[in-house]
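This report refers to the structure that appears directly beneath it.
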Amino acid sequence: MPTLQEIAAYAQESAQKQGIHKYDVYGSTVDETSVQVDQGEPKQVKASQRSSVIVRVWNEQGLVGVTTTTDVDPNGIDLALQTAADASTFGAKEHIPDFSPEATTPTAEVVCEIMPPSDVQDLIKTLVGAEREVLDAHAAITSVPYNGIAQRQVDRFYLNSEGAQRREGRSYASLYLYSKTEQEGKKPRSAGAMRVHRGLPNLDVETCIQETTEKTLSHLDYRPIESGKYPVVFSAEAFLSLLDAFSNLFNAQSILDNRSLSTADALGTEIAVPLLTVYDDALHPENVSAETFDGEGTPTRRLPIIENGVLSNFLHSAGTAQRMGAQPTGHANIGAKVSVDANFYHVMPGQPSEQTLSLETAENVVFIDDVQALHAGVNALQGSFSLPFDGWLVNKGEKVSIESATVAGDFRDLLKSIVHVEAEPEITPGGVCPRIWVEALSITGEA
């Protein structure tokens, strides 16, 4: 891939030839190798190099045209600028995006080790060994039908006609194991785990194996649960899944599109109990895919979303910030339309809890490890959810797997019903979060 300075130079040269005065370019390349195995043999080995470049051009009337390309050589950029300029004639006449006012503001200094890719044979050997250990853990575990190990190197950049130039690279590897049991007279049970790190040598394979096997075996002796209201404890992964499903609560683009549970004047209102604090922190040390700038070149940062239960900030692009009289927050993704998305959640206790709760002493508490079917069971515009889940009924430390059940409620009520936020955080690929205790939710068991 050419250097950022080379791309900027021939973009500027091409723009001058075509009479283009205002443009920006965002691009990324991903080199990825991934493998899957089945009963000790490679099932699928893939290697790919993907490039994506988005070019925006503003014409003399201020309208913007957008195009994409996979070429960052002079001919590719020249053609993309020309195509975007032609498309600008048909650009939207309302809420036209503009450069971020922070596109030239210095970004945070983040030291990230970029590790060289490992040999494919090392990936296969690691995954075959992990599969074997899971299968050997118990006779009931008959397969690991979903598994994968991948390594990626990502290079991304942003530049515009006003002199903004940003570029950064990252590398990370991921491991996923999902096992399945078969026992005579019993339903198949499954569980999985995932680990992510900078590269294969640092990937915590053993704890991924251990978590997968322990969870799977804990579901072997399952029982039905009676329908009713139960105190509920969400794991980090389960709570973050729900939080992200209802992120329109603090997404400025959703609010402006009237597709949010919040309104523009909701800042400063209490949307959760004071026990809860939530940040979005792309620069968190546990975020292995940390990005120092967004698709518009705005520096990313640690942004408080909910502080002691109070809605503190919305996630903004440059356009939403301008329309709402705020500052961009580093959450923009550019394309035909600029979208706004969270980066990496950090959930923590807010004000101290009046009670200390523990699964070792609590009685008849439903511990939800993972929620499923979010695409079908969440109504983000009404706030309601009804989701199948994997979990256990816990009574004084004794965990009994729940055969089949759904959890239902309203996310806004859930935020107001939190009774305890544990101090010890759990690290997931999507964020850092402790266990979250909720006073009561409706659990529907299998009829």
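Look at V421 and say whether it is more than 19 Å from S227 (Cα to Cα) and at pLDDT 95 or above.
When the stated conditions are applied, V421 passes them.
Is it true that A440 is small (G, A, S), in contact with a helix residue (DSSP H, G or I) (Cβ under 9 Å, 6 or more places away or on another chain), within 15 Å of G228 (Cβ to Cβ) and part of a strand (DSSP E or B)?
No, not satisfied.
Out of the residues in segment 331-358 meeting the condition of being touching a Phe, Trp or Tyr at 6+ places or on another chain (Cβ under 7 Å) and part of a loop (DSSP other than H, G, I, E, B), tell me which one is surrounded by the fewest Cβ atoms within 10 Å (Cβ to Cβ).
In this case the residue turns out to be L357.
Given I7, I20, which one is touching a strand residue (DSSP E or B) at 6+ places or on another chain (Cβ under 6 Å), outside any strand (DSSP E or B) and either aliphatic (A, V, I, L, M) or surrounded by 14 or more Cβ atoms within 10 Å (Cβ to Cβ) (or both)?
I20 is the lone residue from the list that is touching a strand residue (DSSP E or B) at 6+ places or on another chain (Cβ under 6 Å), outside any strand (DSSP E or B) and either aliphatic (A, V, I, L, M) or surrounded by 14 or more Cβ atoms within 10 Å (Cβ to Cβ) (or both).
Restricting to segment 26-55, name every residue that is in contact with a helix residue (DSSP H, G or I) (Cβ under 6 Å, 6 or more places away or on another chain) and more than 30 Å from S179 (Cβ to Cβ).
V55
Among the residues of segment 20-50, which ones are touching a residue at least 40 places away in the same chain (Cβ under 8 Å) and closer than 30 Å to A92 by Cβ?
I20, H21, K22, Y23, D24, V25, Y26, G27, S28, T29, V30
Could you list, in sequence order, the residues of segment 40-99 that are surrounded by fewer than 13 Cβ atoms within 10 Å (Cβ to Cβ) and among the hydrophobic types (A, V, I, L, M, F, W, C)?
Correct list: A47, F90, A92.
Give segment 216-271 a look and list any residue that's more than 24 Å from M194 (Cα to Cα) and of a type in the set (S, T, N, Q), or say none.
Residues satisfying the conditions are S227, N248, N251, Q253, S254, N258, S260, S262, T263, T269.
Under 6 Å between Cβ atoms, at least 6 apart or on separate chains: pull out the pairs that start in segment 268-285 with a residue that is modelled with pLDDT of 95 or more and of a type in the set (S, T, Y) and end on any residue that is surrounded by fewer than 19 Cβ atoms within 10 Å (Cβ to Cβ) and assigned to a strand (DSSP E or B).
Matching pairs, first to second residue: T277/E307; T277/M348; Y279/R302; Y279/P304.
Can you confirm whether segment 100-107 contains a residue that is assigned to a strand (DSSP E or B) and under 26 Å from the mean Cα position of the chain (by Cα)?
no
Give segment 108-121 a look and list any residue that's within 29 Å of Y146 (Cβ to Cβ), in a loop (DSSP other than H, G, I, E, B) and without any contact (Cβ under 8 Å) to a residue 40 or more places away in the chain, or say none.
Scanning segment 108-121 gives a single hit, D119.
Would you point out the residue of segment 227-264, among those that are over 13 Å from C433 (Cα atoms) and aromatic (F, W, Y), that is surrounded by the most Cβ atoms within 10 Å (Cβ to Cβ)?
F250
Within segment 81-98, how many residues are in a loop (DSSP other than H, G, I, E, B) and either touching a residue at least 12 places away in the same chain (Cβ under 8 Å) or among the aliphatic types (A, V, I, L, M) (or both)?
7
Which of the residues spanning segment 360-383 are farther than 15 Å from A440 by Cα and either assigned to a strand (DSSP E or B) or of a type in the set (A, V, I, L, M) (or both)?
D369, D370, V371, A373, L374, A376, V378, N379, A380, L381
When you look at E291, is it at pLDDT 95 or above, in contact with a helix residue (DSSP H, G or I) (Cβ under 7 Å, 6 or more places away or on another chain) and among the acidic types (D, E), yes or no?
no
Somewhere in segment 159-172, is a residue at pLDDT 95 or above, part of a loop (DSSP other than H, G, I, E, B) and of a type in the set (A, V, I, L, M, F, W, C)?
So far as segment 159-172 goes, yes, one or more of its residues are at pLDDT 95 or above, part of a loop (DSSP other than H, G, I, E, B) and of a type in the set (A, V, I, L, M, F, W, C).
Could you count how many residues in segment 122-143 are over 17 Å from V45 (Cβ atoms) and not in a loop (DSSP other than H, G, I, E, B)?
Total meeting the criteria: 8.
Let me confirm something: among G409, G397, G377, which residue is modelled with pLDDT under 95 and of a type in the set (G, A, S)?
G397
Go through segment 159-205 and give me each residue that's surrounded by 17 or more Cβ atoms within 10 Å (Cβ to Cβ), without any contact (Cβ under 8 Å) to a residue 60 or more places away in the chain and under 28 Å from L4 (Cα atoms).
S171, A173
Which one of D71, D78 is in a loop (DSSP other than H, G, I, E, B), more than 26 Å from the chain's Cα centre (by Cα) and in contact (Cβ under 8 Å) with a residue 12 or more places away in the chain?
D71 is the lone residue from the list that is in a loop (DSSP other than H, G, I, E, B), more than 26 Å from the chain's Cα centre (by Cα) and in contact (Cβ under 8 Å) with a residue 12 or more places away in the chain.
Do any residues in segment 379-394 that are among the hydroxyl-bearing types (S, T, Y) have Cβ atoms under 6 Å from those of residues that are buried (at least 18 other Cβ atoms within 10 Å of the Cβ), where the two are at least six apart or on different chains, and which pairs are they?
Between residues of segment 379-394 that are among the hydroxyl-bearing types (S, T, Y) and residues that are buried (at least 18 other Cβ atoms within 10 Å of the Cβ), the close pairs are S386/G377; S386/T406.
All but one of (1) at pLDDT below 95; (2) assigned to a strand (DSSP E or B); (3) more than 15 Å from A336 (Cβ to Cβ) hold for S52; state the number of the condition that does not hold.
Here S52 meets the rest and fails (3).
The values are calculated or read from the model by the stated rules, or taken from the named source; none is laboratory data. Quick caveat, the model's predicted, so the values are computed rather than measured. Neighbour counts run over all protein chains shown; Cβ positions are idealised from the backbone, glycine included.
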